[in-house]
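The values are calculated or read from the model by the stated rules, or taken from the named source; none is laboratory data. What you see is a predicted model, and the numbers here were worked out from it, not measured in a lab. For neighbour counting, all protein chains shown are included, and Cβ atoms are generated from backbone atoms with ideal geometry for every residue, glycine included. Protein only, heavy atoms only, side chains kept; ligands, DNA and RNA dropped before computing areas. Shrake-Rupley method; radii C 1.70, N 1.55, O 1.52, S 1.80 Å.
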Amino acid sequence: MKIDASYFPEIKTDLDGLEKILINRMFEESKAYHSWRTQFVEIYDESSMEIRLFLLFSLVYFIGWKTFFNVIDGYDFFYKSSKDLNDLVNRIHQMNDKFSLPFFNELINVFARDEKSKYKQLMDKIFPTAKTPLDTYFDELVKTLISPVIRHKSGEFYTPSFLVKKMIDKAYIFGETVVDPSCGTGNFLLEIIKKVIHSDKSQNSKFEAISNIHGFDINPVSLILARVNLLEASGNYHVDLKDNLKIVDSLFFEKDEFKQKFELVIGNPPWYTLRDIYSPQYQEKVKKLAEKLDIKPLPKNILNIEIASVFFYKTKETLMRENSKIFFVLPRGVLTGSHASRFRNFDGFRNILIWNFDDSVMKTFNIDFICLYGEKDSKLSDPLKLRKVEVPEITWKFKKEKTKSLYSDDMRLIVSKKDFLLPYSKFIKNSRAYTQKFISKDKIKHLIPSGESAYKKLFHKGADLNPRNLIFVKVKNVDNENAIINPDERIFKRAKAPWNEIIFTEQIVNKRYIFNAIKSTELVSFNLFSHYSVFLPLNKNNLEFDFEALDQNSRRFYNLINGYYLNHKKKSTKMTSLLENLNHWQKLITERQLSRIKVVYNNSGSILTSAVIIDNYLVTGDLSFFDTNDINEAYYLSAILNSKVMNEQIRIKKSSRHIFKIPLGIPIPPYNKKDKIHLDLANLGKIGHQKAKKIVESTLNKNPRTSKFKLQKILEKKLKSIFTEIDEKLYLLFDLKNNLEILH
Ligand SMILES: C[S@@+](CC[C@H](N)C(=O)[O-])C[C@H]1O[C@@H](n2cnc3c(N)ncnc32)[C@H](O)[C@@H]1O
């Protein structure tokens, strides 16, 4: 991966030249380069360790120091001086402190005289002018020199000042001991210093307040920039906070000197997940830490755990004293994702508060974010963690339309909404409490109380039937027995390499082995408007595989596609044949697939739709299905699954495109033919199917290319009265009173 300086295109050639010199001088073999590697591999990863990155960081390092001396010398030492780099290196060396990084100092010794001046010229090109505001310059420098791909590895993104200011106004009280445990270039600390300086307190107390400000970061170069930023912001007080800035991994910080010292912990911890961690050892360490902090999610969600959420709890243990405050910017997923379901127990915290933001503010980050405030209260730590917290949520918006830069002082936030959030539900598994996502109090009123449906275990996912380019076919008749098959072009739209190749044409197989299959792409409310033909070497009566029983043509064709599959499958895939893959998790060769009556619904998407399927259709893995002998039970379920009441529940509970088991976490009772409401629902389901069939057929007759989306819209309009009637029955079935007005 090449790291580029896109913001300063004019320096690319200079960088290339210097990089070449270092490579020719075998700098990669040097002690200096090795010690840089050892320290920086912990921040990024093996794959990022290149001479180019070293060179770019050396520039940031020397620029950091140079500005530092400018600030302490009153801006006339290096700006005006024509002194060469050796003076700078010597001066850094004389400081003899932890921010002097010998591996960068050593770099200068490698260059010959005119190469040194080339390096210096390069620095001068990107060095701030006397007019550049330092506090934003450093962020810009890092952002433009170091590629986002690299910075993502340690979550290096900077918080815009409008947000930093707002958070500090809420949380910081003059004079408090405060720390940002991942302070980067010191944006939060800087604003606190500005606030202190502008206060009307005495000189002494201002000095003391500044001395109480601390910042930690894993990246020593960021801390150099933070040190300069803070020094500059402290103005006439001239406080060099070098002893308060620590180069540490805050996740594994155990030093006693700071044990529960701080009254406020504030910042924006790195955003990446356990999955993004390159080193298996470090990944394991973080997993163990999450366990120790009582926030480790269920095994299936562990890789998605947010490092920022581990920071939140780790800080409570190591840095916060009793009753102290924490205020962090966090990815919004911590309120909704299953990976954060133990995080949301908020054990040992009180007065939790959430700041949410409207879309225009959200856009300032790539991921939806919140600010989360809390106070440490060990008395509230409960072994079972069953405490249900009601959390106030404030939504903010920009006062003015976004006109200027995000860093402009014009960007003020004002309140757009206030709400309360409640845990949707809590459950205990293996004596651990999990809090399912937070939902607004308002929405909770409209929720059917959660409870498992009797159908939960009876609905199953269909068979994935992959790779589709090998088995989804268009069929031409040859005679009563045989058919000519070609790949079905419909499935190539979303196929990915190597499964997007046409690997056969005009093949002859026996018709016995052509099955009907259905996918969610043709499912609308109460109707499935098209299906697929699939070649499978199975007996139609019992779905058994008997290779010997295949006729010659079908056998030859299976050999062809099986060979292709085995040659192209991933090395890590353990499957020993195509059929084994098609029958993964036994989803294909099962009695259920043979049932003549099935109720299906889509496993993902923005809305839930369902239909009753009669006859021999195999169900693919993007659908869930229930097999039954009772057609009325099928219509009853399909009426419920298509309803607006059900869709509203899904909308509230869903946190991604996945729908899968959510409909069955609603207590749909087993069908009872003696229950009037059940019978009525079954009848409405049946009418829904009859009407939908006619509507879909006539629409497609007029325009065979009508999209699924359009068909769904037409059905929703034309079947409105049926949907309303179904909902009325459901209010009775689920004993709902409040929903009418929100749905219609
Ligand atoms: C999102 S940035 C925030 C920077 C700054 N607080 C701000 O808001 O502008 C996250 C910072 O965390 C640092 N970081 C990443 N992992 C860390 C760790 N384990 N311990 C301490 N700092 C870490 C990165 O170097 C980066 O500066």
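Computed values, structure above
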item: Exposure ranking of Trp499, Trp65, Trp396, Trp585 by accessible area [1.4 Å probe, largest first]; result: Trp585, Trp499, Trp396, Trp65
item: For the range 517-667, alpha-carbon Rg over 2.2 N^0.38 Å; result: 1.20
item: Karplus-derived 3J(HN,Hα), 6.51/-1.76/1.60, for each residue of the range 553-570, Hz, glycine and proline x; result: 5, 5, 5, 4, 5, 4, 4, 4, 6, 5, x, 4, 4, 5, 6, 10, 5, 5
item: Label point at Ile367 placed 7 Å out along Cα→Cβ; residues across the range 39-63 whose backbone nitrogen lies under 18 Å; result: 44-45
item: Dipole moment magnitude, nearest 20 debye, the range 621-720 about Cα centre, only Lys, Arg, Asp, Glu C-beta charged; result: 640 debye
item: Trypsin sites (Lys or Arg not before Pro) within the range 678-722: DSSP coil, no more than 13 neighbouring Cβ in 10 Å; result: Arg705
item: Shape of the range 244-383, Cα gyration tensor, a/c cut at 1.5; result: rounded
item: Within the chain, helix-based [θ] at 222 nm, where runs of 4 or more DSSP H residues each add -39,500 (n - 2.57), nearest 500; result: -11500 deg cm²/dmol
item: Hz values of 3J(HN,Hα) by residue in the range 727-736 - Karplus curve (6.51, -1.76, 1.60), Gly and Pro given as x; result: 4, 4, 5, 5, 4, 6, 4, 9, 6, 9
item: Loop-located trypsin sites (Lys or Arg not before Pro) in the range 158-232, at most 15 other Cβ atoms within 10 Å (DSSP); result: Lys201
item: Using distinct alpha-carbon pairs, which all enter the 1/r mean, Kirkwood radius of the range 25-170 in Å; result: 16.8 Å
item: Candidate residues Val475, Val645: accessible-area rank, largest first, probe 1.4 Å; result: Val475, Val645
item: With DNA, RNA and ligands ignored, accessible area of Glu728 (1.4 Å probe; Å², nearest 10); result: 90 Å²
item: Unit charges on C-beta of K, R, D, E only; dipole of the chain, Debye; result: 2300 debye
item: Segments 532-538, 587-593, 301-307 sorted - mean Cβ within 10 Å per residue, highest first; result: 532-538, 301-307, 587-593
item: Taking the convex hull of Cα positions in the range 307-367, its mean projected area over all directions (nm²); result: 4.7 nm²
item: Isotropic mean projected area of the C-alpha convex hull, the range 615-700 (nm²); result: 7.1 nm²
item: With every protein chain in place, the chain: carbon and sulfur % of accessible area (1.4 Å); result: 50 percent
item: Heavy atoms of Thr129: accessible area, 1.4 Å probe, square angstrom to 10; result: 80 Å²
item: The range 416-459 shape via C-alpha gyration tensor axes, a/c threshold 1.5; result: oblate
item: Percentage of interatomic Cα-Cα distances in the range 601-744 larger than 20 Å; result: 50 percent
item: Antiparallel bridge percentage (DSSP; both residues within the range 175-334; nearest 5); result: 5 percent
item: Exposure ranking of His460, His214, His152 by accessible area [1.4 Å probe, largest first]; result: His152, His460, His214
item: Residue-level accessible surface for Met95, protein heavy atoms, 1.4 Å, Å²; result: 60 Å²
item: Cα coordinate range in the chain, projected on the principal axes (Å, largest first); result: 94, 62, 49
item: DSSP-assigned coil residues among GluC sites (Glu not before Pro) in the range 177-259, each with at most 12 further Cβ atoms within 10 Å; result: Glu254
item: Separation of the Lys12 and Tyr731 label points, Cα + 7 Å toward Cβ, nm; result: 6.5 nm
item: Angle between the chain longest axis and helix 220-233 axis [Cα atoms, degrees, rounded to 10]; result: 60 degrees
item: On Cα atoms only, tilt of 12-24 relative to the major axis of the chain in degrees; result: 80 degrees
item: Relative contact order of the range 644-740, defined on C-alpha pairs under 8 angstrom at six or more residues apart (%); result: 32 percent
item: The range 219-324, dipole about Cα centre (Lys/Arg Cβ +1, Asp/Glu Cβ -1), debye to the nearest 20; result: 340 debye
item: Equivalent ellipsoid semi-axes - Cα gyration tensor, the range 508-605, angstrom; result: 26, 18, 13
item: For the range 195-209, Karplus couplings with θ = phi - 60° (6.51, -1.76, 1.60), whole Hz, Gly/Pro x; result: 5, 4, 4, 7, 7, 9, 7, 5, 4, 4, 5, 5, 4, 5, 4
item: Computed Rg/Rh of the range 85-188, alpha carbon atoms with Kirkwood Rh; result: 1.04
item: Gyration tensor (alpha-carbon) shape descriptor, the range 393-496, a/c threshold 1.5; result: oblate
item: Relative counts (whole %) of C-alpha pair distances in the range 606-665, using bins that are 5 Å wide; result: 4, 16, 28, 24, 17, 8, 2, 0
item: Rounded to 5, percent antiparallel among DSSP beta bridges of the chain; result: 75 percent
item: Top positive-direction residue, dipole computed over the chain with Cβ charges, set Pro392, Ser338, Pro663; result: Pro663
item: Positive-end residue of Ile326, Ser199, Ile247, charge dipole of the range 178-335 with Cβ unit charges; result: Ile326
item: Amide hydrogen neighbours beyond the local backbone of Lys426, cut-off 5 Å, H modeled; result: Gln436
item: Dipole of the chain [Lys/Arg +1, Asp/Glu -1 at C-beta], most positive-end residue of Ile695, Tyr313, Leu134; result: Ile695
